[in-house]
Amino acid sequence: MVDAIISPLLELLTSMAVEEAKEQVRLATGVGKEAKKLTSNLQAIRAVLHDAEKRQVKEETVRLWLDRLRCACYDMEDVLGEWNTARLKLQIDGVDDHENDALVPKKKVCSFFPAASWFGCKPIVLRRDIALKIKEINKTLDNIAKQKDQFGFSVNVTKSNERADQRVPSISSIDESEIFGRQKEKNELVNRLLCESSKEQKGPCIISLVGMGGIGKTTLAQFAYNNGDVKKHFDERIWVCVSDPFDEFRIARAVIEALKPGSAKDLVEFQSLMQHIQEWVEGKKFLLVLDDVWNEDYYKWEPFYKCLKNGLHGSKILITTRKDRVARCMRSTNITSVNVLSEIECWSVFEQLALFDRSKEECEKLENIGRQIVRKCKGLPLAAKTIASLLQSRNTEKEWQNILESEIWELEGVERGLLTPLLLSYNELPSKVKQCFTYCAVFPKDYGIQKKELINLWMAQGYLSEKGAKEKEDIGEEYFNILASRSFFQDFKKDDDGEISTCKMHDIVHDFAQYLCSNECSTIEIHGGEESAMSSFGEKKILHLMLALYRGASVPISIWGNVKGLRGLRSLLVESDEYSWSSEVLPQLFDKLTCLRALKLNGDRWSCVNYIKEIPTNIEKLLHLKYLNLKGIKKIEKLPETLCELYNLERLDVSCCVKLRELPRGIGRLRKLMYLHNEGTDSLRYLPAGIGELIRLRRVRDFVVGGGYDRACSLGSLKKLNLLRDCRIRGLGDVSDAGEARRAELEKKKNLLKLGLHFGDSRDGDEEQAGRRENEEDEDERLLEALGPPPNLKKLRIDEYRGRGNVVPINWFMSLTNLTVLFLFGWRNCEHLPPLGKLPSLESLHILGMESVKRVGNEFLGVEGDTDGSSVIAFPKLKLLRFRYMEELEEWDLGTAIKEEIIIMPRLSSLTISSCPELKALPDHLLQKTTLQELYIRRCYILEERYREETGEDWPKIRHIPNIEIE
């Protein structure tokens, strides 16, 4: 994992040298030499890192050496970050080459420059300070480099060899008396092996067991392999432990040896091996078990599958793997997740070993403690076996109690057995993904980790580097999926789009992450009146800290002043429902925690009560800060201008800061800002004009166009923001100049995938603004047309549009060929719905608050029968349709369209009608669809009577729908 820190450092040192030469800016005397020496040391150390990380689990001295190296690298990151920030500041402030050269420390004194000038003494002092820091770090790194020679590390050991060496090959035999629980899984697996494949199945059926290391996949496969009925069912049974690397020759020989012992020794060509397998399985029903498969390359597996097709119909291949991706790659027809044992089953595993051959009296004395230990195993059979094996030689209650109260990673006897399965999966990860995994130890056990938040925090720590056209967020998604596929995460929950939103870590996986990160990550709980929890850190060096503050808790000043181990903190995440800060705490915090990359001062909950009233001006001292989350701080009304000195800031979250009235006017100085989260800030009347200079912006949740405010951004400020992916434009009611809309050049923003257009004005609710523009219908229509739809838009929401709905939007909408989700809300003057049926990719449609629409007819479909007699499809991909708050809607008629043989919504699966009190009936044609799986009718009084269960006159028309909910 340290390699993930060293590699970026080497890249940074190289780029710094290039930039310094290009900009003709010199470092302080001797720094160039020190930087070269630093680079040399880092390169030498990196060459042995893989062997060092492998050995740290067993050798405490190696682990301590890696800890010292890690600390030195973090210090180096901070120093180089200071230097880059100083350079960035000079660029932003527009210092020319001559002035820049004048800042280089020569034999000059500070009095040559204006005393109050940032461009005078301070940069010189900073450069001297950096020079001294680099020299000091080099001394430390020199010692670390010399120490590495004492360990005799191997150079460039490959990952694949490491996994193969550590994996004990599995065997097919098993003692069934040692298998506890999993009765359902055992029966299901045996049944799958015995059941006949469908006649359409060509080649052997492939079944996969997927789960984390140590969960019991191999044991389950062994049970099925040795089942009496399974033995009778197959002519040949073959067991191969594959492991990693996927050695085609070794696997082929193992298969042949199982089929005809002794016949593989003379075969040296791969083609010959494949030919023999093909001949020997021909006409035979076989079972092939491939245990511990890691290979994700289908082309390595394909030759085996082709030659195994010669087997008799009904042959089966059973795979065990830790990775869901492997199962899919090998074209599995059935994938089974192997989960943890129940507590009863886990106790059976533990009891068989720990209490074996003990007297009844001994068992009674130890059982209570043993059951508590089993609970800590959280259903992992490997954990239960490992700890039970350790306790076989411990006879007293005190010895058992000590193990119960100890952290498992501190127990040498336990860690080797318990961590090895996890370590195998971990070692196979890319170094960057290893960092991402260990960072998760900052969260407490059983914590619901929000996927997007986790990716944001990874980004703030610099773990996600852009690769070509790939965005950091997309890389974060890849890393998350890698960890999820290796079973490092569990208990997934999904959002409405079917995407994973939250997950958890198994307790033992959390312990493993904590072990690997050397306690750099921690969670502290503080209850009302407590201070001791944090002061107990002493000299420990914590890098990432979550504060869980319970109701009534406060954070006193003394904590930050006394805890030395927190000075290098890089993440501070506050998690609470209600907490308070004294007015002096935040200034103290900003003074001391100057290494922070991520700062979160909210509870991330809508109900959070937060008593922070203002953000101190000395926030500028957090020069490394990339992520600032102030979500839900309900009392702050403005942010200090000094926040604009945070030149590394990439993400600012002020969402749900309900009293926030303005952002700093100098926001244009935040050149690295990529994400501005400001939803739920209804008091925010405008964005500063400088927002238009932030060309790295990917997301602005509310781009508020301020009418009548000085220094407010205009709609044209969007022109340069061509990297935007997600934006909601609010305050379009203040815009009367269509030319200003054209200057925004939305149609050129090919990266824009999510767009919201809010046609209310920025001061909705103010009495003096109650009246809107004259000719609002025409103006909104012209404005919408001038905005021009982005070409790749996937999600669109249009609120409070005053146009007539069936005039301008027709052509505007028809260009949205990639649109999948559409929300239309509060179109006051729209009497007929737009012809949305023409949208070829639309999957989800939400129409709300159309208060003038009384009838929905064929115009909504947007298509007519073709003159040549062929059918036309309206809404070809629509799956979800919702009508809500349509209080004047009386009729929904598709009669004419049906007669013209127009195919309507062929994929519709979910229909919701809510708050449509005058609607008399739903189209029978839609209700009769076999694709319709959900029907929800809420607050629609006529419909409720018409479709009421059993008694409604049209209940027979909907009774076939699987999920019906009628209020």
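Annotations
- Loop-located GluC sites (Glu not before Pro) in the range 180-240 whose Cβ has at most 10 other Cβ within 10 Å (DSSP): 196, 200
- Taking a straight line from the alpha carbon of residue 360, these lysines sit under 20 Å away, with near neighbours fewer than eight places off in the same chain left out: 398.
- For residue 46, net neighbour charge (Lys/Arg +1, Asp/Glu -1) across residues whose Cβ lies under 11 Å away: 0
- A straight chain from residue 490 to residue 954 at 0.36 nm per residue would run longer than the Cα-Cα distance by 162.6 nm.
- Taking GluC sites (Glu not before Pro) across the range 456-500, the ones in a DSSP loop with at most 13 further Cβ atoms lying within 10 angstrom of their Cβ are 466, 499.
- Neighbour-limited loop hits for GluC sites (Glu not before Pro), the range 263-360 (at most 13 other Cβ within 10 Å; DSSP other than H, G, I, E, B): 269, 282
- Here the Karplus relation 6.51 cos²θ - 1.76 cosθ + 1.60, evaluated at θ = phi - 60°, turns the backbone of the range 330-336 into coupling constants of 8, 6, 5, 8, 9, 10, 10 Hz, with x for every Gly and Pro.
- Across 470/672; 600/672; 451/838; 493/600, pairs whose alpha-carbon gap is larger than 25 Å: 451/838
- Those residues of the range 837-860 whose amide nitrogen sits under 13 Å from the label point placed on residue 792, 7 Å along Cα→Cβ: none
- Once the chain from residue 344 to residue 359 is taken as fully extended at 0.36 nm per residue, the excess over their C-alpha distance is 3.2 nm.
- With R₀ fixed at 45 Å, the C-beta to C-beta distance from residue 64 to residue 195 puts the FRET efficiency at about 0.20.
- The range 616-733, accessible surface, carbon-and-sulfur percent (1.4 angstrom probe): 44
- Sequence-distant lysines (8 or more away, or on other chains) whose Cα lies within less than 17 Å of residue 285: 199, 202, 231, 232, 260, 306, 309, 316
- Computed from backbone phi, the HN-Hα couplings of the range 140-146 come to 4, 5, 4, 4, 5, 5, 5 Hz, rounded to whole numbers (Karplus: 6.51 cos²θ - 1.76 cosθ + 1.60, θ = phi - 60°; Gly and Pro given as x).
- Net lengthening on full extension, residue 136/residue 375 (0.36 nm per residue, minus Cα-Cα): 81.2 nm
- Separation of the range 901-936 and the range 333-404, taken as the distance between their Cα centroids, equals 56 angstrom.
- Charge dipole (debye, nearest 20) of the range 189-319; +1 at Cβ of Lys and Arg, -1 at Cβ of Asp and Glu: 460
- Residue 584/residue 44 FRET efficiency (R0 45 Å; Cβ-Cβ; nearest 0.05): 0.45
- Residue 487 accessible area, assembled protein chains, probe 1.4 Å, Å²: 30
The values are calculated or read from the model by the stated rules, or taken from the named source; none is laboratory data. These figures come from a predicted structure and were not determined experimentally. Note that we place each Cβ from the backbone using ideal geometry, even for glycine, and neighbour counts take in every protein chain shown. The area values use the complete protein model at the heavy-atom level, side chains included, leaving out ligands, DNA and RNA. Shrake-Rupley method; radii C 1.70, N 1.55, O 1.52, S 1.80 Å.
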